[in-house]
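**Student:** Next up is a structure, given as C-alpha cells.
The values are calculated or read from the model by the stated rules, or taken from the named source; none is laboratory data. Model, not experiment: these values are computed from the prediction. Heads up, the Cβs are rebuilt from the backbone with ideal geometry, glycines too, and the neighbour counts pull from every protein chain shown.
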Amino acid sequence: MRTDYRIDIASGQHLAQADAICQQMKLSAANRGTGIAGRSPEYIRQKIRTGTAIIATLPNGQWVGFTYLDVWENGLFVSQSGLIVDPAYRHQGVARRLKHALFTLSRQLFPNAKLFSITTGQVVMDLNRELGFRPVAFSELPHDPQFWQQCATCRNCDILARTEGKYCLCTGMLFASAVLPTEECT
C-alpha cells in the first residue's frame, strides 16, 4: 500500500492531469456498468482553475485521485461530485481522504450551503454516511435544470427522464449532521 501521495486543493500545476482524470472516469463507469455523468477535460480544468477541486498526487505529480464541488441555486446547494481514484490506488484510503478534504473545502467556501451528493456507488454512499449525509428524495435536491442536465451523459438518464426527474438508480444524499469531520488539505 502506497502512502506517499498528498492531498491538495487542485491548482494550475494540476491542469495537465485533466485528460487522464476524464479518461479514468469514463473507464470506471464502463467497468462498473453503472451510470456516471461524463465530464470534459475542459470542465475538469475549470474546476482546477477555480480552486473547487481536490486532487491526490504522487511526489512525481501523477494524479491518483480527484473530486470537485459545484455550486447551485446561488449558493444554496453545493454538490460533492466526480470522485475518482486510479484503480492502482483503490482500497488504500485515498477516496476517504479526498471526500473529507472536499467536505472541508465546501464548508470553508460555502458555510451555509446544503451539501449533497448523488451516486450509484456503495463506497461513495458509505463515505457520505460517514460524513453525516443521509439519503433523501430528489425533491430535496436542487431544482436547477442545469444541475439535472448534467445527467444527460449518464447511461441511466432515460430513467430520470421517464420519471420526470423524481427517480433514478442514483441515491441522493444530503448533509444532515452538525458534527464536522476534519481533514487537512494544503
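**Student:** Taking SER79 and the conditions (1) at pLDDT 90 or above; (2) over 21 Å from LEU27 (Cα atoms); (3) within 14 Å of the chain's Cα centre (by Cα); (4) not in a strand (DSSP E or B), which numbered condition does it fall short on, given that it satisfies the others?
**Tutor:** (4)
**Student:** Same structure again: Could you please find all residues in the stretch 37-59 being crowded, with 21+ Cβ neighbours inside 10 Å, over 21 Å from THR104 (Cβ atoms) and in contact with a strand residue (DSSP E or B) (Cβ under 8 Å, 6 or more places away or on another chain)?
**Tutor:** ARG39
**Student:** Further, regarding this structure: What pairs come out if I take residues in the stretch 96-115 that are in contact (Cβ under 8 Å) with a residue 40 or more places away in the chain and over 21 Å from PRO142 (Cα atoms) and pair them with residues that are in a strand (DSSP E or B) and of a type in the set (S, T, N, Q) whose C-beta lies under 7 Å away, six or more apart or interchain?
**Tutor:** Matching pairs, first to second residue: LEU98/THR67.
**Student:** Name the single residue that is surrounded by the most Cβ atoms within 10 Å (Cβ to Cβ) among those in the stretch 1-12 being more than 15 Å from GLU42 (Cα to Cα) and out of contact with any Leu (no Cβ under 7 Å at 6 or more places or on another chain). Give the derivation first.
**Tutor:** First, the residues of the stretch 1-12 that are more than 15 Å from GLU42 (Cα to Cα): 1-9.
Now restrict to residues that are out of contact with any Leu (no Cβ under 7 Å at 6 or more places or on another chain): 1-3, 6, 8.
Values: MET1: 6, ARG2: 10, THR3: 7, ARG6: 13, ASP8: 16.
The residue in question is ASP8.
**Student:** Considering only residues that are without any contact (Cβ under 8 Å) to a residue 60 or more places away in the chain and touching an Asp or Glu at 6+ places or on another chain (Cβ under 8 Å), look in the stretch 66-95 and name the one that is farthest from ILE44 (Cα to Cα).
**Tutor:** This residue is VAL78.
**Student:** The conditions are (1) at pLDDT 90 or above; (2) under 24 Å from ILE7 (Cβ atoms); (3) part of a loop (DSSP other than H, G, I, E, B), and ASP70 fails exactly one of them. Which is it?
**Tutor:** (3) is the only condition that ASP70 fails.
**Student:** If you don't mind, another one. Which of the residues belonging to the stretch 67-86 are over 16 Å from LEU174 (Cα atoms) and either surrounded by fewer than 17 Cβ atoms within 10 Å (Cβ to Cβ) or in contact with a Leu (Cβ under 7 Å, 6 or more places away or on another chain) (or both)?
**Tutor:** THR67, ASN74, LEU83
**Student:** Could you run through the stretch 114-139 and say how many residues are over 13 Å from the mean Cα position of the chain (by Cα) and part of a loop (DSSP other than H, G, I, E, B)?
**Tutor:** Initially, the stretch 114-139 is screened for residues over 13 Å from the mean Cα position of the chain (by Cα), giving 114, 122, 126, 129-139.
Narrowing the set further to residues that are part of a loop (DSSP other than H, G, I, E, B) leaves 132, 137.
The total comes to 2.
**Student:** Still on this structure, I have one more. Only residues that are surrounded by fewer than 19 Cβ atoms within 10 Å (Cβ to Cβ) and not in a helix (DSSP H, G or I): list them for the stretch 87-113, please.
**Tutor:** Within the stretch 87-113, ARG90, HIS91, GLN92, GLY93, PHE110, PRO111, ASN112 qualify.
**Student:** Contact list please: Cβ distance under 6 Å, first residue in the stretch 31-48 and within 24 Å of VAL123 (Cα to Cα) and assigned to a loop (DSSP other than H, G, I, E, B), second residue at pLDDT 60 or above and hydroxyl-bearing (Ser, Thr, Tyr), pairs at least six apart or on different chains.
**Tutor:** As it stands, the answer is THR34/THR120; GLY35/THR120; ALA37/THR153; GLY38/THR153, since those pairs meet every condition given.
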